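Below is one structure, written out as structure tokens; the observations come after it.
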Amino acid sequence: MKPFSWSYSKIKNFSTCPLKHAEVDLRKHYTDSSEQLDWGNAVHKAMANACTGKAPLPATMAPYQKWVDRVLAGPGVLLVEQKYALTKNFQPTTYFGPDVWYRGIGDVVRIDGSVALGLDWKTGKVSHDSKQLMLMAQCIMAFNPAVKVVRTEFVWLKEGCCTPDKFYRKTIANEWLSLLPRVKELETAAVSNIYPPKQSALCFAHCPVATCVYHGKRMS
């Protein structure tokens, strides 16, 4: 069995439905695609190209140019679609290294001495999740020992707004107290290979796992 590793998307998917996580993320029996997901992927690619000067934003994404301009005007070293990986001891490692425990990607990262900025593009409804931003901050700090504080933001492109969080090296360990039990649940399921279905409102029309007993059913 491969050593256990995780990402925040896996944690979220497992919390929504362990079976769907196993069938889509791990076993690849189904593809979780939708018009919204396809649009989100296209936006992330276009924003990365625009921020690195590879290509301008397409006309359909013209309203997002203000965020690209903001990124390009910022101070420090710019990193786009930056891949990060941590060991179980929160040390930096290679993305596919044998000791990798956590993997994450920073859509936009700027390092400026002891401070840093991390941005995560979002194309859905506004729904702030500080733990996802904390993980970006943890990675930035692990790979940049001089960084003492990381300002992070979800940028809600459709709404034209952002929701920020700030994390400090001296206190970020406290942020893990509520997250590590969730990681442990995911690891326990991986070891036992037990992923029970979990019914929700998504089962009726938003889940590709046709073999599930709840597939296509409304919640009673």
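The values are calculated or read from the model by the stated rules, or taken from the named source; none is laboratory data. Just so you know, these numbers come straight off a predicted model, no measurement behind them. Positions of Cβ are generated from backbone atoms using ideal geometry, with glycine treated the same way; all protein chains shown enter the neighbour counts.
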Exercise. May I ask you to list the residues in segment 192-209 that are farther than 24 Å from Ser33 by Cα and either modelled with pLDDT under 95 or assigned to a strand (DSSP E or B) (or both)?
Key: none
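If you go through segment 151-169 one residue at a time, do you hit one that is assigned to a strand (DSSP E or B), touching a residue at least 60 places away in the same chain (Cβ under 8 Å) and surrounded by 14 or more Cβ atoms within 10 Å (Cβ to Cβ)?
Within segment 151-169, one or more residues are assigned to a strand (DSSP E or B), touching a residue at least 60 places away in the same chain (Cβ under 8 Å) and surrounded by 14 or more Cβ atoms within 10 Å (Cβ to Cβ).
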Practice problem: Any residue in segment 96-108 that's closer than 12 Å to Leu133 by Cα: show its pairings with residues that are of a type in the set (S, T, N, Q) at Cβ separation under 8 Å, as long as the two are six or more apart or on different chains. | Solution: Gly104/Ser7; Ile105/Gln82; Gly106/Gln82
Exercise. Please verify whether segment 170-189 includes one or more residues that are of a type in the set (Asp, Glu), touching a His at 6+ places or on another chain (Cβ under 9 Å) and surrounded by 17 or more Cβ atoms within 10 Å (Cβ to Cβ).
Key: no
Quiz item: Can you name the condition, by its number, that Tyr64 falls short on among (1) more than 18 Å from the chain's Cα centre (by Cα); (2) exposed (fewer than 14 other Cβ atoms within 10 Å of the Cβ)?
Solution: (2)
Quiz item: If you take the residues of segment 12-52 that are more than 30 Å from Thr188 (Cα to Cα) and among the β-branched types (Val, Ile, Thr), which of them is farthest from the chain's Cα centre (by Cα)?
Solution: Thr52
Quiz item: Does Ala146 satisfy the criteria of being in contact (Cβ under 8 Å) with a residue 24 or more places away in the chain and more than 14 Å from Leu79 (Cβ to Cβ)?
Solution: yes
